[in-house]
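Working notes, beginning with the structure itself.
The values are calculated or read from the model by the stated rules, or taken from the named source; none is laboratory data. These figures come from a predicted structure and were not determined experimentally. Every residue, glycine among them, receives a Cβ derived from its backbone with ideal geometry; neighbour counts consider all protein chains shown. For accessibility, only protein heavy atoms count, side chains too; no ligands or nucleic acids. Shrake-Rupley method; radii C 1.70, N 1.55, O 1.52, S 1.80 Å.
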Amino acid sequence: MTATEPHVCFVVTSDMTAGTFLHGYVDEMRRRGIDVTIVSSPGPGLRGLRESARVHEIPMRREPSPVADFVALLRLAWFFARIRPDVVVYATPKASLLSSIAAAVVGVRIRLYELWGLRMETASGLSRAVLGTLERATSRMSTDTIANSHSLADRAEELGVTSRRRPVVLGAGSANGVDSDHFSEDAPRPELDDGTRRFLDETTGFVVGFVGRLHPDKGVDVLLEAVSLCRQRGHQVRALLVGGDEGAQLSNVSDLPVHVVGHVEDTRPYLAEMDTIVLMTLREGFPTVILEAAAMQVPAIVSDSTGAIDSVIDSETGFIVPVGDAEALSEKLVALKNDSRLRASLGENARMRAITQFSSADVCGLHVDFYIDRASTRAAAR
């Protein structure tokens with residue numbers, strides 16, 4: 001590492017987040033000879049990062065826990081004071097709040113908040129007020145905020161949780177882009193599990209897919225209602241849901257051809273079976289899964305919620321419909337089911353957009369450029 005290259009410390013709450021989102025950042029910084037340290041809660045998600053970055057484990061809980069949070073804050077401050085990074089970057093709410101405070105206390109000059117979503121959007125009452133206060137605190141303790149979509153930057157400004165200036169959006173957005181060589185119809189991929197293969201063999205019809213956490217915020221109930229509407233009108237449609245159950249409303253689906261896969265390590269075999277992917281989410285930062293589907297030429301139908309609306313160009317790479325509107329979703333499903341040329345055209349356009357605007361190397365490169373620029377600007381000012 002030369003004297004002009006900063007030591008960057010990246011902090012996230014969960015090991016699974018680290019394993020999912022940080023490889024591109026680490027690869028880019030390693031390529032440039034930048035010293036990088038990853039901090040997160042312990043877990044198997046860190047395994048692949050240890051080969052290319054320093055990894056330090058500090059337990060952090062996603063939900064509020066005053067005692068555990070205070071202990072994590074002290075451990076972060078002690079660690080930052082010991083390693084003296086030039087730049088601390090943090091993402092996910094708990095890691096960002098604690099890291100912004102700890103880094104400021106020990107005198108880290110560049111503190112960058114990677115804003116990947118706003119939990120307060122779907123909260124109400126006291127919970128919303130508390131989450132808003134915590135967002136404002138994180139923003140004010142940070143030297144810059146980087147939002148991963150233009151609509152998220154707009155929403156953060158609208159809700160008054162930003163400080164100093166509007167969040168920066170780099171390029172077209174996204175937290176980490178997509179590897180279009182890995183997510184490709186032509187790339188080798190694992191076989192489907194036996195249960196999913198049996199479901200697809202024993203049922204017929206247009207395959208509507210979902211990939212992500214089966215959480216009420218993700219709009220899975222709207223997807224299933226739309227599937228039901230399609231079938232009531234004589235259209236053969238079935239649903240393939242991939243992801244761990246986190247409380248989504250999956251009741252009253254016994255009469256529908258719905259298969260729940262659960263969490264999988266590699267989503268590509270399942271994306272390859274989908275005719276379209278649907279994300280009727282209430283809020284996002286920027287949904288990476290839509291880029292992964294796009295890279296595999298699977299057109300998407302998304303809601304017009306924060307973040308999701310940035311992931312599709314309406315009628316060009318997929319469709320955008322109003323949040324919660326099962327009727328509008330069902331109409332788009334029927335349109336795609338009945339027009340194979342439209343599906344193919346949207347899928348081709350989606351892959352081209354993923355390659356040209358959301359290459360993982362390009363997206364992560366923009367972020368690393370920003371880290372270096374901020375460190376260089378501060379060093380020159382000093």
Next on the checklist: Could you go through the stretch 193-211 and let me know if any residue there is of a type outside the set (A, V, I, L, M, F, W, C), open to solvent by 70 Å² or more (accessible area, probe 1.4 Å), under 24 Å from the mean Cα position of the chain (by Cα) and farther than 30 Å from Trp78 by Cβ.
Outcome noted: no
Checklist entry - Does at least one position in the stretch 128-141 carry a residue that is over 27 Å from Arg283 (Cβ atoms) and more than 17 Å from the chain's Cα centre (by Cα)? => result no
Next on the checklist: Given (1) open to solvent by 40 Å² or more (accessible area, probe 1.4 Å); (2) under 22 Å from the mean Cα position of the chain (by Cα), identify the lone condition not met by Thr17.
Outcome noted: (1)
Checklist outcome for this item: Selection over the stretch 212-236 where residues are open to solvent by less than 10 Å² (accessible area, probe 1.4 Å) and within 20 Å of Glu292 (Cα to Cα) yields a count of 4
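When the residues of the stretch 135-169 are narrowed to those that are among the small types (Gly, Ala, Ser), open to solvent by 20 Å² or more (accessible area, probe 1.4 Å) and assigned to a helix (DSSP H, G or I), which ends up farthest from Thr306 (Cα to Cα)?
For the stretch 135-169, the residue satisfying everything is Ala137.
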Item to check | Condition met for Leu229 (more than 20 Å from the chain's Cα centre (by Cα) and part of a helix (DSSP H, G or I)) | outcome: yes
Next on the checklist: Looking for something open to solvent by less than 20 Å² (accessible area, probe 1.4 Å), at pLDDT 95 or above and in a loop (DSSP other than H, G, I, E, B) - is there at least one such residue anywhere in the stretch 358-371?
Outcome noted: yes
Checklist entry - Out of all the residues in the stretch 25-42, which are closer than 23 Å to Gly243 by Cα and open to solvent by less than 50 Å² (accessible area, probe 1.4 Å)? => result Ser40, Ser41
Checklist outcome for this item: Conditions (1) closer than 24 Å to Tyr90 by Cα; (2) assigned to a helix (DSSP H, G or I) -> Ala354 fails only (1)
Checklist entry - Across the stretch 43-57, what is the number of residues that are over 21 Å from Leu73 (Cα atoms) and either among the polar types (S, T, N, Q) or open to solvent by 10 Å² or more (accessible area, probe 1.4 Å) (or both)? => result 8
Checklist outcome for this item: Of the residues in the stretch 121-177, those that are out of contact with any strand residue (DSSP E or B) (no Cβ under 6 Å at 6 or more places or on another chain) and on the phi > 0 side of the Ramachandran plot come to Gly125, Gly160, Arg164, Gly171, Gly173, Ser174
Checklist entry - Does the stretch 190-203 include one or more residues that are charged (D, E, K, R), modelled with pLDDT under 95 and in a loop (DSSP other than H, G, I, E, B)? => result no
Checklist entry - Restricting the search to the stretch 58-76, which residues are farther than 18 Å from Gly45 by Cβ, open to solvent by 20 Å² or more (accessible area, probe 1.4 Å) and touching a helix residue (DSSP H, G or I) at 6+ places or on another chain (Cβ under 7 Å)? => result Asp69, Leu73
Checklist entry - Pick from Ala239, Ala172: which is modelled with pLDDT of 95 or more, open to solvent by less than 60 Å² (accessible area, probe 1.4 Å) and in a loop (DSSP other than H, G, I, E, B)? => result Ala172
Checklist entry - Are there any pairs with C-beta distances below 7 angstrom linking a residue in the stretch 293-320 that is over 16 Å from Ala354 (Cα atoms) to a residue that is open to solvent by 40 Å² or more (accessible area, probe 1.4 Å) and of a type in the set (Asp, Glu), with the two at least 6 apart or on different chains, and if so which? => result Ile320/Asp304; Ile320/Asp314
Checklist outcome for this item: Those residues of the stretch 190-207 that are farther than 17 Å from His263 by Cβ and touching a helix residue (DSSP H, G or I) at 6+ places or on another chain (Cβ under 6 Å) come to a total of 1
Checklist entry - Is there any pair linking a residue in the stretch 330-354 that is hydrophobic (A, V, I, L, M, F, W, C) and open to solvent by 60 Å² or more (accessible area, probe 1.4 Å) to one that is part of a helix (DSSP H, G or I) and at pLDDT below 95, with Cβ under 9 Å and at least six apart or on different chains, and which? => result none
Item to check | Hits in the stretch 81-99 (condition: open to solvent by 40 Å² or more (accessible area, probe 1.4 Å) and either under 16 Å from Ala18 (Cα atoms) or among the hydroxyl-bearing types (Ser, Thr, Tyr) (or both)) | outcome: Pro93
Checklist entry - If Pro322 satisfies every condition in (1) open to solvent by less than 50 Å² (accessible area, probe 1.4 Å); (2) closer than 29 Å to Met120 by Cα; (3) more than 17 Å from the chain's Cα centre (by Cα); (4) not basic (Lys, Arg) but one, which is the exception? => result (1)
Next on the checklist: Condition (residue is at pLDDT 95 or above, under 18 Å from the mean Cα position of the chain (by Cα), open to solvent by less than 50 Å² (accessible area, probe 1.4 Å) and more than 24 Å from Tyr25 (Cβ to Cβ)) applied to the stretch 100-119: is it met by at least one residue?
Outcome noted: no
